[in-house]
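This report refers to the structure that appears directly beneath it.
The values are calculated or read from the model by the stated rules, or taken from the named source; none is laboratory data. Everything quoted here is computed from the prediction, not taken from an experiment. Here Cβ is always computed from backbone atoms with ideal geometry, including for glycine, and neighbour counts include all displayed protein chains.
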Amino acid sequence: MLRSEQHACEETEVPTIVELLGASSRQPDTPALLAPNRRSATHADLSGQLRRVASALRSAGVRHRARVAVCVPNGPEAATATLSVAASATCVPLNPAYQTAEFRYYLEDARVDAVIVPEAEHGLIRDVTTELGLTVFEMVVDLAAAAGCFELRAARSAMRPAGTAQVAAAEGSPAPDDVALILHTSGTTARPKIVPLSHANLTASARSFAAHPALLPDDRCLNVMPLFHIHGLVGALLAPLASGGSNVCTPGFDEQAFFGWVADFGPTWYTAMPTIHQAIVAHGDAYRRIAPQHRFRFVRSSSSALPPTTLAALESLLEAPVLEAYGMTETSHQMATNPLPPRPRKPGSVGLPASVEVAILDDAGREMPQGAIGEIAIRGPSVTAGHERYPEANANAFTRGWFRTGDQVRMDADDYIFISGRLKEIVNRGGEKVSPREVDEALLEHPDVAQAVAFAMPQPSLGEGLAAAVVPKRGSHPEEAGLRGFLLSSLAGFKVPSRIVFVDAIPKRPTGKVPRTSLHEKLAHALAPAFVAPHTHTERTVESVLREVLEGAPLGVHAHFFAAGGDSLRGAQVIARLNERLSLELPVTALFQPPTVAELARAIDEAPESEHRTRGIAGCTDRRHVQRGSRAPAGRMRGHGLASRRGGTHWMRP
């Protein structure tokens, strides 16, 4: 069902970035940009910086459709350089941490004409620009000047100089439909695609963003997001400036410095991704100690799913409403958001459509009824016209004017959007579909878990297996078997990960997002534990039976039955042989809850003798009842969860 536009902005004219910022700075002497250890820049300073950069670029022969990369570390100069170039040419922000091959790929793919780098930068980006013969502009910064103010000096030019400023001005200024910003998608499941965003796209998104939390000139954003990412560029930079407010430009998120910045600058809000919120909660004891009088008006979360447990902890710590929102590069960031109080905020939801139209589509592109689960599609003024030089991607991504996001959602009766996951991240586990986000949220309910990410991993017998990476809370030492048992109390067996690995930090991309679809590669060393030979009688018996059924090489005590090639039918054979050799009455579900040699052997050893023979490990006196796949009576072996809570082979997924 089509959902018409919600919370639309009142303005109907389509401005350029210069016009948007000019209209917002009705009080030119008020602060616009602030930074640690720098003098604040006013809105008048910002406007002057935009004019100076435009003049310098035009004088050097850079036309308004030329593509200029900005490779500058996070901070006030990165902010003004990105805004200035986007306002007068086409800006291509780059992550300064890229390696040589990455710089070469992104510069060539985006067909960049010139690059802006700090004067002191003599690293890889310089080498690549020389190799490609690109024009290089050096950013000359006087630290005594206002934050974000700099001079632009041509270090090497491959362009024809425009001559005088008057000649440069005659080249024309950007129009609303001209491309202002070029970003690449993350490239999680394919090569990164170019997303061109026009002035009209960006200004529509910035206005919408500012309208929903009712940003005012008195509001101040603490910007901890990278300025080569759409979240940081539009949500944390352009939107607050467009409302006449101010922006604190930090070097990037630093959990040790965050609350010091809060105390120094008094921000009224900040926006970040969930991993940053989780780090803030983990260091929350410093908040009232460092900034005892501070109050946030609201906090915003976007870029990935915010677990309800994190939302609750953050609201409790900061004593402010947390607004989970939904955005993408192709939609110039925000397309849905939870509202401010007194309107309801729904944990687990990304909120209501924000100045866009929304439809839920099936695989064939047909609109689905209210409450149905399908792919969310968007259309509106903030949506890109299409990926550049990628016709096959556009054919898949656009249906009758709708941009198909690739996210699986449902919309409730109040039009709140609930995302179950990326369609390409859904794990197909032997025919059972698992949303990793559901597993994340269940793991985060455990008191010893600080962060958790579930992901697919190759598994010969089922096509895809399910694993999870967990960061324990400080001072906690959870065990894999214990967490798996905890999950079985709230999730179906097939949703419980076969492997749970413990890490100090979840691997992330430079943007801060978690590369869920490639985690199995990044954590391959942790997913492949060292071989440890069985040493107890029960471990040797279990290993022998598994090896016989799988017809493979010797297995260590940490070997996982399904990762080694097992499936439900072979699992039934394993249980039958164990019952015969050890005089047990294990249910066929036993192998699916502690699926390693060591865990199954320990569960068998710790079961009382009475459960072995009289009640059976599953608490069932009639083995035939279990073997037929019917529900087994409730019962467990001292917390190991050998009994099936649901029973039946349908739930026998590792």
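Conditions tested, residue by residue: (1) of a type outside the set (A, V, I, L, M, F, W, C); (2) out of contact with any Leu (no Cβ under 6 Å at 6 or more places or on another chain); (3) farther than 30 Å from GLU479 by Cβ.
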site	(1), (2), (3)
GLU392	yes, yes, yes
GLN408	yes, no, yes
GLY421	yes, yes, no
ARG437	yes, yes, no
ALA452	no, no, no
MET457	no, yes, no
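For region 516-531, the set of residues classified as assigned to a loop (DSSP other than H, G, I, E, B) and touching a residue at least 40 places away in the same chain (Cβ under 8 Å) consists of LEU523 only. Screening region 457-483 for residues that are aliphatic (A, V, I, L, M) and not in a strand (DSSP E or B) and picking the one that is farthest from ALA603 (Cα to Cα) gives LEU462. Can you find, within region 467-495, the residue that is surrounded by the most Cβ atoms within 10 Å (Cβ to Cβ) among those that are farther than 30 Å from HIS283 by Cα and touching a helix residue (DSSP H, G or I) at 6+ places or on another chain (Cβ under 7 Å)? Among those residues, the one meeting the criterion is LYS495.
Out of region 380-420, which residues are under 30 Å from ASP109 (Cα atoms), touching a strand residue (DSSP E or B) at 6+ places or on another chain (Cβ under 6 Å) and either without any contact (Cβ under 8 Å) to a residue 24 or more places away in the chain or among the β-branched types (Val, Ile, Thr) (or both)? Those that are under 30 Å from ASP109 (Cα atoms), touching a strand residue (DSSP E or B) at 6+ places or on another chain (Cβ under 6 Å) and either without any contact (Cβ under 8 Å) to a residue 24 or more places away in the chain or among the β-branched types (Val, Ile, Thr) (or both): VAL383, THR384, GLY401, THR405.
THR185 fulfils the conditions (1) surrounded by fewer than 23 Cβ atoms within 10 Å (Cβ to Cβ); (2) over 21 Å from the mean Cα position of the chain (by Cα); (3) polar (S, T, N, Q) except for a single criterion, (2).
Checking each residue in region 108-130 for being of a type in the set (A, V, I, L, M) and closer than 19 Å to PRO226 by Cα picks out VAL115, ILE116, VAL117, ILE125. Tell me, yes or no, whether region 55-64 has at least one residue that is crowded, with 21+ Cβ neighbours inside 10 Å, closer than 24 Å to GLU388 by Cα and modelled with pLDDT of 95 or more. No, region 55-64 contains no residue that is crowded, with 21+ Cβ neighbours inside 10 Å, closer than 24 Å to GLU388 by Cα and modelled with pLDDT of 95 or more. Kindly establish whether GLY245 is more than 19 Å from ARG39 (Cβ to Cβ) and out of contact with any helix residue (DSSP H, G or I) (no Cβ under 7 Å at 6 or more places or on another chain). When the stated conditions are applied, GLY245 does not pass them. Condition check for ALA204 on (1) in contact with a helix residue (DSSP H, G or I) (Cβ under 9 Å, 6 or more places away or on another chain); (2) at pLDDT 90 or above: one failure, at (1). Could you grab the pairs with beta carbons closer than 8 Å, sequence gap of 6+ or different chains, first residue in region 579-605 and farther than 19 Å from HIS558 by Cα, second one at pLDDT 85 or above and not hydrophobic (A, V, I, L, M, F, W, C)? These pairs meet every condition: ARG581/THR541; LEU582/THR538; LEU582/THR541; GLU585/ASN579; LEU586/ASN579. Kindly indicate whether any position in region 414-433 is buried (at least 23 other Cβ atoms within 10 Å of the Cβ) and under 20 Å from LEU527 (Cβ atoms). Among the residues of region 414-433, at least one is buried (at least 23 other Cβ atoms within 10 Å of the Cβ) and under 20 Å from LEU527 (Cβ atoms), which makes the answer yes.
When region 191-200 is limited to residues that are touching a Ser or Thr at 6+ places or on another chain (Cβ under 8 Å) and assigned to a loop (DSSP other than H, G, I, E, B), the one that is farthest from LEU181 (Cα to Cα) turns out to be PRO192.
On the stretch given as region 285-323, residues that are of a type outside the set (S, T, N, Q) and under 21 Å from ARG509 (Cα atoms) total 4.
Residue-wise test of (1) over 12 Å from VAL597 (Cβ atoms); (2) in contact (Cβ under 8 Å) with a residue 12 or more places away in the chain; (3) of a type in the set (A, V, I, L, M, F, W, C); (4) not in a helix (DSSP H, G or I).
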site: PRO534; (1), (2), (3), (4): no, yes, no, yes
site: THR541; (1), (2), (3), (4): no, yes, no, no
site: GLY556; (1), (2), (3), (4): no, yes, no, yes
site: ALA564; (1), (2), (3), (4): no, yes, yes, yes
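Of the residues that make up region 363-375, is at least one closer than 25 Å to ASN201 by Cα and of a type in the set (A, V, I, L, M, F, W, C)? No. Could you please find all residues in region 6-35 being buried (at least 16 other Cβ atoms within 10 Å of the Cβ), modelled with pLDDT under 80 and either touching a strand residue (DSSP E or B) at 6+ places or on another chain (Cβ under 6 Å) or within 13 Å of PRO381 (Cα to Cα) (or both)? Listed by number, the residues that qualify are GLN6, ALA8, CYS9, VAL14.
Just one of the listed residues (VAL112, VAL70) is closer than 19 Å to ILE194 by Cα and buried (at least 24 other Cβ atoms within 10 Å of the Cβ), and it is VAL70. HIS184 passes every criterion in (1) within 30 Å of ALA279 (Cα to Cα); (2) modelled with pLDDT of 95 or more apart from (2).
The number of residues in region 530-545 that are closer than 11 Å to LEU600 by Cα and buried (at least 20 other Cβ atoms within 10 Å of the Cβ) comes to 3. You will find that of GLY386, GLY371, the residue that is touching a Lys or Arg at 6+ places or on another chain (Cβ under 7 Å) and either crowded, with 17+ Cβ neighbours inside 10 Å or not hydrophobic (A, V, I, L, M, F, W, C) (or both) is GLY371 and no other. Among the residues making up region 484-515, those that are without any contact (Cβ under 8 Å) to a residue 60 or more places away in the chain and in a helix (DSSP H, G or I) are PHE486, LEU487.
Selection over region 380-426 of residues that are touching a Gly at 6+ places or on another chain (Cβ under 6 Å), assigned to a loop (DSSP other than H, G, I, E, B) and either of a type in the set (Val, Ile, Thr) or at positive phi (or both) gives a count of 0. Looking only at region 322-366, count how many residues are touching a Leu at 6+ places or on another chain (Cβ under 9 Å), among the small types (Gly, Ala, Ser), surrounded by fewer than 24 Cβ atoms within 10 Å (Cβ to Cβ) and in a loop (DSSP other than H, G, I, E, B). Residues that pass the stated criteria total 1. Where strands (runs of 3 or more DSSP E) sit wholly within region 201-277, those with at least 2 residues that are within 30 Å of ALA175 (Cβ to Cβ) and touching a Pro at 6+ places or on another chain (Cβ under 6 Å) occupy 246-249.
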